[in-house]
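The values are calculated or read from the model by the stated rules, or taken from the named source; none is laboratory data. Quick caveat: nothing in here was measured; it's all calculated off a predicted structure. We place every Cβ from the backbone using ideal geometry, glycine too, and count neighbours over all the protein chains shown.
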Amino acid sequence: MSTATRTRPTDALRPLALELGAAPYAEGSCIISTGNTRVLCTASVEEGLPPWRERSGHGWVTAEYGMLPRATHTRSSRERQGAKGRTQEIQRLIGRSLRSVTDLPALGPRTVLVDCDVLQADGGTRTASITGAWLALALACRQLVAEGLVARSPVDEPVAAVSVGIVGGTAVLDLDYPEDSSAQVDMNVVGTADGRLIEVQGTAEGDPFRRAELDQLVDLALDGILQLTRAQRDALSGGA
């Protein structure tokens, strides 16, 4: 696929929409739409900790990820026997990303489970899940403060994620599925609002890429993450 078919600049995000409170029974929830990718993220607060965590008294944040059977052009089977390899890898990534910006001692002896369910997939489902999951977590922590269960929100610094890649020899931001499937280099980057990196996952799908190209892709991703974290803050403040 050539970047000539792309209808937005190579450094532009896909259209972004953040719908807070999409699942009213959850302590925090958000539907994030990035282009044609849509993910429902819910945060559920449970008093208590996993047995291996109880002695610490510090809170825990974990995540589960799944794709609805018709989120793609063909139906995929439900993972009824437990999460498979790719699913496990993605939900661990989401959990790591959220914990990196959560003050777990301040959360207290409780667990927040964030569920990310892909409603429609057009590339970037894991990165959209992380960005939406942070909003769901922040809303759940806001409710804990309102109920007097914690003195302050354990979550402050936004975290977001975005894909970047080299398509047709050009570095591009926020790949959709056709771009992702034809990319010479495919990378997912997770970072914070102040420009710190949490995780970088990059692969050459064809020829190896150079260090200068890696730096270019990371810089492009961090610019996108800055835009996403601004949108997260706007949404929380009622400005989006």
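For Ser77, the criteria (1) exposed (fewer than 11 other Cβ atoms within 10 Å of the Cβ); (2) small (Gly, Ala, Ser); (3) modelled with pLDDT of 85 or more hold in every case but one, which is (3).
Among the residues of the stretch 190-216, those that are touching a residue at least 40 places away in the same chain (Cβ under 8 Å), under 18 Å from Thr131 (Cβ atoms) and not polar (S, T, N, Q) comprise Val190, Ala193, Ile198, Glu199. When the criteria are applied in full, Ala4 fails the requirement of being surrounded by 17 or more Cβ atoms within 10 Å (Cβ to Cβ) and at pLDDT below 95.
Gly123 meets all of the listed conditions (1) touching a Leu at 6+ places or on another chain (Cβ under 6 Å); (2) buried (at least 20 other Cβ atoms within 10 Å of the Cβ); (3) over 15 Å from Ala71 (Cβ atoms) but one, namely (3).
Any residue that is part of a helix (DSSP H, G or I), closer than 17 Å to Ile198 by Cα, touching a strand residue (DSSP E or B) at 6+ places or on another chain (Cβ under 9 Å) and not hydrophobic (A, V, I, L, M, F, W, C) - is there at least one of those in the stretch 102-113? No. Within the stretch 53-67, the set of residues being modelled with pLDDT of 90 or more and among the hydrophobic types (A, V, I, L, M, F, W, C) comprises Trp60, Val61, Ala63. Just one of the listed residues (Val114, Val150, Val118, Val101) is touching a helix residue (DSSP H, G or I) at 6+ places or on another chain (Cβ under 8 Å) and surrounded by 24 or more Cβ atoms within 10 Å (Cβ to Cβ), namely Val114.
Every residue in the stretch 180-189 that is under 13 Å from Gly169 (Cβ atoms) and free of Cβ contacts under 8 Å to residues at least 40 places away in the same chain, please. Ala183, Gln184, Val185, listed by residue number. You will find that of Ala43, Ala63, Ala26, the residue that is farther than 18 Å from Val101 by Cα, aliphatic (A, V, I, L, M) and in contact with a strand residue (DSSP E or B) (Cβ under 8 Å, 6 or more places away or on another chain) is Ala26 and no other. Restricting the search to strands (runs of 3 or more DSSP E) fully inside the stretch 155-240 and requiring at least 1 residues that are crowded, with 23+ Cβ neighbours inside 10 Å gives 159-167, 170-173, 185-192. Note on the stretch 1-20: among residues that are free of Cβ contacts under 8 Å to residues at least 40 places away in the same chain and assigned to a loop (DSSP other than H, G, I, E, B), the one that is nearest to Val172 (Cα to Cα) is Pro9.
No other residue among Ala43, Ala63, Ala23 is surrounded by 14 or more Cβ atoms within 10 Å (Cβ to Cβ), part of a loop (DSSP other than H, G, I, E, B) and of a type outside the set (Val, Ile, Thr) apart from Ala23.
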